[in-house]
Amino acid sequence: MSVTVIARDQHNVSRKLMSPNALKVISRLNNSGFEAYLVGGGVRDILLGGEPKDFDIATDAHPEQVHELFRNSRLIGRRFKLVHILFGREVIEVATFRGAAPVADGKSHKQSDQGMLLRDNVYGSMEDDALRRDFTANALYYSSKDFAVYDYVGAMADIKSKTLRLIGDPETRYREDPVRMLRAIRFKAKLGFTIEEQASQAIYKQASLIESVAAARLFDEIIKLFVCGKGEAAYYLLREYELFRYMFPAVTHTLDRHNDRAYYEKFIVAGLRNTDVRIQADKPITPAFLYAVILWPEVDRLWQKNVQSGLPEFPALQQASQQAVQDQLPFITIPKRFTLMMKEIWELQIRLKKTSGKWPHQLIEHKRFRAAYDFLLLRELAGKDLNNLGNWWTDFQKKNPVPARTSEHRSGPRPNRKRNNRNRGPKPA
Ligand code: ATP
Ligand code: MG
């Protein structure tokens, strides 16, 4: 397909909606004789009337050349060389146009036996770069030289009809990078797009490929899914497309088979809905709380089992927490600082039952109290009968206000604000 140039008076991509830093980067590259465009989610979201989460730039300058032009930049990625330009907390990602990957010369392109792209550093033209992106909607380029949008893949029509269409053959593209299946789910949930039929069928067919994605990268991708503001919708889609079970096999087993499965399902949904509301209200959330929610069905099941086999309540829960985390780690690398927090939230579910004497006054000072209390409310909301314990704690807090310091659950940084590319897979931008 040849390029369609959409002139400035035929689209609504205005510089006013862009990060001034991104524009600075583009103009400095342009002034040094390079091509440079805003690309990907930045252009897509502005066309959709939304607010881009971050700004990516594509250029014909090589990473080293970009690095030389910006003192505040660093070269990152071994497999996929990129440049990050830092402006305080904002990171502008600059990627060199990448070429197609037809010949596996074993050096710059590398594929696994399953067709997964392992290395991908061949530079190419702007058109090559467009064709290597995932969805058409993500392959538009905006130039601040002529203010036009460049479309090589029929992206404009797909954005208008809100269609997520993979560029090229869906099965092949998912095989190259199975994370694209999760990206499809995220964009469908978040932007309300429809996944084009073939691209949708290919997910049902190849969902199991997600098992081959590095566990550390899956941690990042799962967080992105659940903090996109539409986490509840994303969860339903992950279940529907059977992607969830390849990432959370033990939890899925419990959700599908256990006598309390309806309660567990409600609990997870309530937790994700609660996260969506918090994000809407611009409140911070921590991955620890999210993972504590998602793994809870398994922790709870094991806890009950351990109690039935004679262990006292607390060690029974401790052992259950330990095992549930251990069983999950091969699939998704949850960093230790989060698993420690998750265990605290779970174990506090027992301590929250002690409502007499000095206990509640001590507990309310616990740095994980707030998260554990929210967690308790979710359990009740999903139908667990805890004798109105949640209400008791709500009243208690009203009568005994605690300085803001303890609300750790609320004061953590919002995940996914800063870009971390260390665990990223093939990505041409
Ligand atoms: P958002 O930033 O809202 O999550 P995005 O589309 O900008 O969405 P990024 O992860 O920022 O996503 O990536 C920027 C661009 O890089 C994408 O729009 C797409 O063109 C390309 N891209 C990212 N990940 C992949 C991938 N796995 N395969 C192919 N292209 C990708
Ligand atoms: Mg982006």
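The values are calculated or read from the model by the stated rules, or taken from the named source; none is laboratory data. Remember, predicted model here, so these are calculated numbers, not experimental data. A quick note on method: Cβ atoms are made from the backbone with ideal geometry, for glycine too, and the neighbour counts reach across all protein chains shown. In case anyone asks, the SASA skips ligands and DNA or RNA and just uses the protein heavy atoms, side chains included. Shrake-Rupley method; radii C 1.70, N 1.55, O 1.52, S 1.80 Å.
Filter Lys160/Lys283; Lys145/Lys188; Lys190/Lys398; Lys283/Lys399; Lys224/Lys336 down to the pairs with a C-alpha to C-alpha distance above 28 Å, please.
Over 28 Å apart, Cα to Cα: Lys160/Lys283; Lys145/Lys188; Lys190/Lys398.
Assign one of three labels to region 1-161, namely rounded, prolate or oblate, based on the Cα gyration tensor with a ≥ b ≥ c the square roots of its eigenvalues; rounded applies when a/c is under 1.5, prolate when it is not and a/b is larger than b/c, and oblate otherwise.
It comes out oblate by the Cα gyration axes.
Measuring from the lowest to the highest alpha carbon on each principal axis, how far does the chain reach, largest first, in angstroms?
Sorted largest first, the three principal extents are 73, 46, 38 Å.
What does the charge dipole of region 248-410 about its Cα centre add up to, to the nearest 20 debye, if the Cβ of each Lys and Arg holds +1 and the Cβ of each Asp and Glu holds -1?
Around 480 debye, computed over region 248-410.
Could you give the alpha-carbon Rg of region 303-345 over 2.2 N^0.38 Å, rounded to two decimals?
1.23
Arrange the residues Met156, Met181 by how much accessible surface each exposes, largest first, with a 1.4 angstrom probe.
My answer, sorted largest first, is Met156, Met181.
State to the nearest 20 debye the size of the charge dipole of region 202-312 about its Cα centre, where the only charges are +1 on K and R beta carbons and -1 on D and E beta carbons.
80
Write down the Kirkwood hydrodynamic radius of region 206-340, to one decimal in angstroms, obtained as one divided by the mean of 1/r over all alpha carbon pairs.
15.4
Could you do me a favour and compute the accessible area per residue for region 1-161, 1.4 Å probe, result in Å²?
I get 47 Å² per residue for this part.
Using Cα-only point scatterers and the Debye equation, what is log10 of I(q)/I(0) for region 248-410 at each q in 0.08, 0.17, 0.19, 0.20 Å⁻¹, rounded to two decimals?
-0.23, -1.09, -1.37, -1.51
At 1.4 Å probe radius, can you tell me the per residue accessible area of region 241-287 in Å²?
46
Once amide H atoms are placed 1.01 Å from N in the peptide plane, what residues at a sequence separation of 5 or more from Leu164, or on another chain, have their amide H within under 5 Å of its amide H?
Thr194, Ile195, Glu196
Using a cut-off of 19 Å between alpha-carbon atoms, which aspartates and glutamates can reach Lys353, once sequence neighbours fewer than 8 places away in the same chain are excluded?
Hits, sequence-local ones excluded: Asp300, Glu313, Glu344, Glu365, Asp374, Glu380, Asp385, Asp395.
With +1 assigned to the C-beta of every Lys and Arg and -1 to the C-beta of every Asp and Glu, and no other charges, what is the dipole magnitude of the chain about the Cα centre in debye, to the nearest 20?
The dipole magnitude comes to about 1460 debye.
Among residues other than Asn12 whose Cβ falls under 13 Å from its Cβ, what is the net charge (Lys/Arg +1, Asp/Glu -1)?
Overall, the nearby charge balance is +3.
Carbon and sulfur atoms: what percent of the 1.4 Å accessible area of the chain do they account for?
Exposed carbon and sulfur together represent 50 percent of the surface.
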